[in-house]
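Here is the structure we will look at, set down as structure tokens.
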Amino acid sequence: MVEEALTIRQAATLLGVHPNTVRNRIKSGRYQADKAITDHGETYLIPRSELAKDSPTNSLASPPPIQEASQSLPDVREAMQAMLAPFVRELGEVREELGREKERRERAEERIEELERQLEARESPESPGPTETPTPARGEAQEATERPESAAQSRPWWRRFFGN
């Protein structure tokens, strides 16, 4: 009786691994395979008995029995909780810090509003505020505006720079 042989792709599907994994196993000598020429070019044909040496390595190809899965589930949960514990702790600290910053910001905004109200009270129309400048006497203002500028400054900048 002639033994059935599988292509690399068929063997990979059967084992639940990538085709490159099967190729690497052939190159390493783990599987004995014969090179054959097909319509699509050269390929390896692997006897099914060679594949029987390995159990499927992909957990999705052969899921564990339901009883084992249900027993390992609490272990997985505990492991995940242990892994996440430092992150959860840090998240709590960040939330506390965020709350403190929010309180500081609210106090600062209240203080700003209070200072703005005080500033507005000081700048009321009854008394001149610090930003208002007193109006100069009539003669002083006219003297400042009536001063003739020098001839050099009355020309545009480009004429002063390039000449003419």
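The values are calculated or read from the model by the stated rules, or taken from the named source; none is laboratory data. These figures come from a predicted structure and were not determined experimentally. Counting neighbours? That spans all protein chains shown, and the Cβs are built from the backbone with ideal geometry, glycine included. Only protein heavy atoms, including side chains, enter the accessible area calculation; ligands, DNA and RNA are left aside. Shrake-Rupley method; radii C 1.70, N 1.55, O 1.52, S 1.80 Å.
Numbers for the structure displayed
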{"item": "Members of the range 8-31 found to be open to solvent by less than 40 Å² (accessible area, probe 1.4 Å) and of a type in the set (Val, Ile, Thr), listed by number", "result": "Ile8, Val17, Val22, Ile26"}
{"item": "Residues (among the β-branched types (Val, Ile, Thr) and outside any loop (DSSP other than H, G, I, E, B)) located in the range 6-21", "result": "Ile8, Thr13, Thr21"}
{"item": "Cβ pairs under 6 Å, 6+ apart, first in the range 22-35 and assigned to a loop (DSSP other than H, G, I, E, B), second open to solvent by less than 100 Å² (accessible area, probe 1.4 Å) and not aliphatic (A, V, I, L, M)", "result": "Tyr31/Arg25; Tyr31/Glu50; Gln32/Glu50; Ala33/Tyr44"}
{"item": "Residue within the range 84-102 that is of a type in the set (A, V, I, L, M, F, W, C) and open to solvent by 100 Å² or more (accessible area, probe 1.4 Å) present", "result": "yes"}
{"item": "Of all residues making up the range 39-48, the number that are open to solvent by 60 Å² or more (accessible area, probe 1.4 Å) and either among the charged types (D, E, K, R) or touching a residue at least 24 places away in the same chain (Cβ under 8 Å) (or both)", "result": "4"}
